[in-house]
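Student: Take this structure first; my questions come after.
The values are calculated or read from the model by the stated rules, or taken from the named source; none is laboratory data. The shown structure was predicted, so the numbers you read here are calculated from the model rather than taken from an experiment. Here the Cβ positions follow ideal geometry from the backbone for every residue, glycine too, while neighbour counts run over all protein chains shown. Areas reflect the complete protein model, heavy atoms only, side chains present, ligands, DNA and RNA absent. Shrake-Rupley method; radii C 1.70, N 1.55, O 1.52, S 1.80 Å.
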Amino acid sequence: MVSIATTIAIIWVLATESFTFFKQVSIWEFLTGTKWTPLFKPQHFGVLPLVCGTMLITVGAALVAIPIGVGCGMYLSEYATPRVRAAVKPILEILAGIPTVVYGYFAVATVTPFLRLVLPQTEVFNALSASLVVGIMILPMVASLSDDAFRAVPNSLRNAGFAVGATRSEVSARIVFPAALSGVLASFVLAVSRAIGETMAVTLAAGASPKMTLNPLESVQTMTAYIVQISLGDTPQGTIEYQTLFAVGMLLFLITLALNILSQRILRRYREVYE
């Protein structure tokens, strides 16, 4: 009940403050504008540069985490010995518990200098570095959830495959993976939701330059990083600059809510029930 009441209170605050913002800025301008400069003159309130930066880092993180995470989950479920699994599974859980600010400093101190050594045109703050560390950060989630989904497949299906002469790799790819597809897809959606909502790592690694670009070597700003910038206390309360905080927060809430609803629909659509 406390969690439900807290969630309702958050939605109420976001909705009321966003309504005040949208009395001064049209929703159309907010959703379709390509310039985001609410703190400077002339002011522009187009949120697309923040959405672009968020999606650029999220897609990059997904490209890192999903294939490696599914591979790790398949290995732990189908190939690893009990001793290896008992050692690796706790390590994944420890990685999932590392504070995100640590990943951010790792990106600034290690990943970005390496990228600038290989690709000299890389800016000090860049989306690629943030994508890599966010991908590493959500990888344990994908691996652990995929492992659970693969292990939930009944052994009778595996034995049926072996009985007709299929190899272990064929059983894994053609029987286990399709049977666990709903759980694997749900892990993808949850990991993407986690990447979209990530704050500290992207704030430190990607910078604070809202721009419409698909170049991962440039600095960008995400929606969460902008919320952090406004929350530092330099913006007076009650101003339209301060109210942009709630408008961006509401948009972020709606995006993550839509992804969670999508994950539930995927689970229901592709769920296999075995007796």
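Student: Please go through segment 24-36 and give me each residue that is more than 11 Å from GLN243 (Cα to Cα) and over 25 Å from the mean Cα position of the chain (by Cα), ordered by number. Can you show your working first?
Tutor: Of the residues in segment 24-36, the ones more than 11 Å from GLN243 (Cα to Cα) are 26-36.
Those that are more than 11 Å from GLN243 (Cα to Cα) and over 25 Å from the mean Cα position of the chain (by Cα): SER26, ILE27, TRP28, GLU29.
Student: Is it the case that LEU145 is over 18 Å from TYR75 (Cβ atoms), open to solvent by 40 Å² or more (accessible area, probe 1.4 Å) and assigned to a helix (DSSP H, G or I)? Talk me through it step by step, then tell me what you get.
Tutor: Values: over 18 Å from TYR75 (Cβ atoms): no; open to solvent by 40 Å² or more (accessible area, probe 1.4 Å): yes; assigned to a helix (DSSP H, G or I): yes.
No.
Student: From the set of residues in segment 175-199 that are assigned to a loop (DSSP other than H, G, I, E, B) and not polar (S, T, N, Q), which is nearest to ALA143 (Cα to Cα)?
Tutor: As a first pass, look at segment 175-199 and keep what is assigned to a loop (DSSP other than H, G, I, E, B): 180, 198-199.
From what's left, not polar (S, T, N, Q): 180, 198.
Values: ALA180: 13, GLU198: 18 Å.
Selected residue: ALA180.
Student: Do we find a residue being hydroxyl-bearing (Ser, Thr, Tyr), within 21 Å of VAL189 (Cα to Cα) and out of contact with any Phe, Trp or Tyr (no Cβ under 7 Å at 6 or more places or on another chain) anywhere in segment 77-93?
Tutor: No, that holds for no residue.
Student: I've got another one for you. Just one of the numbered conditions (1) open to solvent by 10 Å² or more (accessible area, probe 1.4 Å); (2) in a helix (DSSP H, G or I); (3) without any contact (Cβ under 8 Å) to a residue 60 or more places away in the chain; (4) more than 25 Å from LEU31 (Cβ to Cβ) is not true of GLY161; which one?
Tutor: So the condition that GLY161 fails would be (1).
Student: Working only within segment 2-43, note down all residues that are in a helix (DSSP H, G or I), surrounded by 12 or more Cβ atoms within 10 Å (Cβ to Cβ) and hydroxyl-bearing (Ser, Thr, Tyr).
Tutor: Once the filter is applied, which keeps residues that are in a helix (DSSP H, G or I), surrounded by 12 or more Cβ atoms within 10 Å (Cβ to Cβ) and hydroxyl-bearing (Ser, Thr, Tyr), segment 2-43 yields SER18, THR20.
Student: Could you look through segment 178-212, keep only residues that are of a type in the set (S, T, N, Q) and open to solvent by less than 20 Å² (accessible area, probe 1.4 Å), and pick out the one that is farthest from LEU254 (Cα to Cα)? Give the derivation first.
Tutor: Applying the first criterion (of a type in the set (S, T, N, Q)) to segment 178-212 yields 182, 187, 193, 199, 203, 209.
Filter again for open to solvent by less than 20 Å² (accessible area, probe 1.4 Å), leaving 182, 187, 193.
On the way: SER182: 23, SER187: 19, SER193: 11 Å.
The residue in question is SER182.
Student: Among (1) farther than 17 Å from LEU251 by Cα; (2) of a type outside the set (Asp, Glu); (3) crowded, with 17+ Cβ neighbours inside 10 Å; (4) at pLDDT 90 or above, which single condition is TYR103 missing?
Tutor: So TYR103 meets the others, but not (4).
Student: If you go through segment 200-247 one residue at a time, how many are outside any helix (DSSP H, G or I) and either within 20 Å of ALA107 (Cα to Cα) or in contact (Cβ under 8 Å) with a residue 24 or more places away in the chain (or both)? Walk me through it before giving the result.
Tutor: Let us first name the residues in segment 200-247 that are outside any helix (DSSP H, G or I), namely 207-222, 231-239.
Imposing the further condition that a residue be either within 20 Å of ALA107 (Cα to Cα) or in contact (Cβ under 8 Å) with a residue 24 or more places away in the chain (or both) reduces the set to 207-222, 235.
Qualifying residue count, segment 200-247: 17.
Student: Of all residues in segment 242-275 being surrounded by 15 or more Cβ atoms within 10 Å (Cβ to Cβ) and modelled with pLDDT under 85, which is farthest from SER26 (Cα to Cα)?
Tutor: Applying the filter and picking the extreme gives TYR270.
Student: Restricting the search to segment 44-56, which residues are open to solvent by 10 Å² or more (accessible area, probe 1.4 Å) and either outside any loop (DSSP other than H, G, I, E, B) or touching a Leu at 6+ places or on another chain (Cβ under 8 Å) (or both)?
Tutor: Answer for segment 44-56, where residues must be open to solvent by 10 Å² or more (accessible area, probe 1.4 Å) and either outside any loop (DSSP other than H, G, I, E, B) or touching a Leu at 6+ places or on another chain (Cβ under 8 Å) (or both): PHE45, LEU48, VAL51, CYS52, MET55, LEU56.
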